[in-house]
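The values are calculated or read from the model by the stated rules, or taken from the named source; none is laboratory data. Model, not experiment: these values are computed from the prediction. Cβ placement follows ideal geometry from the backbone for every residue including glycine, while neighbour counts extend to all protein chains displayed.
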């Protein structure tokens with residue numbers, strides 16, 4: 001098993017945290033992982049992204065030229081990564097702030113109103129984890145329980161108080177993913 005995903009959005013949407021969390025969860029499950037963040041001018045409001053690979057085998061390169069999956073948090077990210085996607089790839093889309101549809105009909109698209117749902121949960125900053133959990137549930141990259149365990153590794157000190165709301169976001173994303181999977185049947 002080797003799963004490759006690009007996580008992309010505006011700087012400040014928790015893109016890097018989502019990538020680190022997925023990589024940490026992969027490590028917790030004894031898998032090989034790479035996490036390759038893209039910084040630079042993207043940090044100033046442009047498209048920030050990271051490549052994450054989780055594999056049972058050694059990973060040759062941390063770079064993902066043609067993603068098999070993408071978690072897309074904003075419209076510029078959709079514009080950038082949709083053309084690069086592998087045929088029959090998966091896009092997890094933050095539909096709340098992306099008014100456009102995916103134009104390719106050879107992709108599976110899971111649309112989630114992540115921003116709206118995050119607001120309902122009480123913290124708009126957990127939209128990233130709603131989408132990450134949906135990805136993990138659909139692709140079976142790591143278990144939902146391991147994602148929650150990884151939260152406790154990454155959110156320490158002052159951030160520890162955010163674990164509960166992030167766990168709720170993860171549970172919500174996993175539930176929405178199960179609904180999506182059912183709709184495909």
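Residue 14 passes all but one of (1) surrounded by fewer than 16 Cβ atoms within 10 Å (Cβ to Cβ); (2) touching a helix residue (DSSP H, G or I) at 6+ places or on another chain (Cβ under 7 Å); (3) on the phi > 0 side of the Ramachandran plot; which number fails?
So residue 14 meets the others, but not (1).
Let me confirm something: among 91, 71, which residue is modelled with pLDDT of 95 or more and farther than 27 Å from residue 153 by Cβ?
That would be 91, the only listed residue that is modelled with pLDDT of 95 or more and farther than 27 Å from residue 153 by Cβ.
Of the residues 102, 109, 52, 5, which single one is in a strand (DSSP E or B) and surrounded by fewer than 19 Cβ atoms within 10 Å (Cβ to Cβ)?
Details: 102 fails: in a strand (DSSP E or B); 52 fails: surrounded by fewer than 19 Cβ atoms within 10 Å (Cβ to Cβ); 5 fails: surrounded by fewer than 19 Cβ atoms within 10 Å (Cβ to Cβ).
The match here is 109.
Hey, can you tell me all the residues within segment 154-163 that are surrounded by fewer than 12 Cβ atoms within 10 Å (Cβ to Cβ) and under 20 Å from residue 118 (Cα atoms)?
Quick first cut of segment 154-163, residues surrounded by fewer than 12 Cβ atoms within 10 Å (Cβ to Cβ) only: 156-158, 160-161.
Across segment 154-163, the qualifying residues are 160, 161.
Per-residue answers, yes or no, for (1) over 22 Å from residue 109 (Cα atoms); (2) surrounded by fewer than 21 Cβ atoms within 10 Å (Cβ to Cβ); (3) in contact with a helix residue (DSSP H, G or I) (Cβ under 9 Å, 6 or more places away or on another chain):
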residue	(1), (2), (3)
25	yes, no, yes
48	no, no, yes
67	no, no, yes
79	no, yes, no
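Of these, 151, 176, which one is in contact with a strand residue (DSSP E or B) (Cβ under 6 Å, 6 or more places away or on another chain), surrounded by 19 or more Cβ atoms within 10 Å (Cβ to Cβ) and closer than 22 Å to residue 94 by Cβ?
Exactly one residue qualifies, and that residue is 176.
On the given criteria, is residue 88 closer than 25 Å to residue 47 by Cα, touching a residue at least 12 places away in the same chain (Cβ under 8 Å), in contact with a strand residue (DSSP E or B) (Cβ under 8 Å, 6 or more places away or on another chain) and not in a helix (DSSP H, G or I)? I'd like the intermediate steps shown before the answer.
Details: closer than 25 Å to residue 47 by Cα: yes; touching a residue at least 12 places away in the same chain (Cβ under 8 Å): yes; in contact with a strand residue (DSSP E or B) (Cβ under 8 Å, 6 or more places away or on another chain): yes; not in a helix (DSSP H, G or I): yes.
Taking the combined requirement at face value, the residue satisfies it.
What tally of residues in segment 65-74 results from selecting those that are within 19 Å of residue 134 (Cβ to Cβ) and not in a strand (DSSP E or B)?
4
Out of 58, 37, report the one residue that is assigned to a strand (DSSP E or B) and surrounded by fewer than 23 Cβ atoms within 10 Å (Cβ to Cβ).
37
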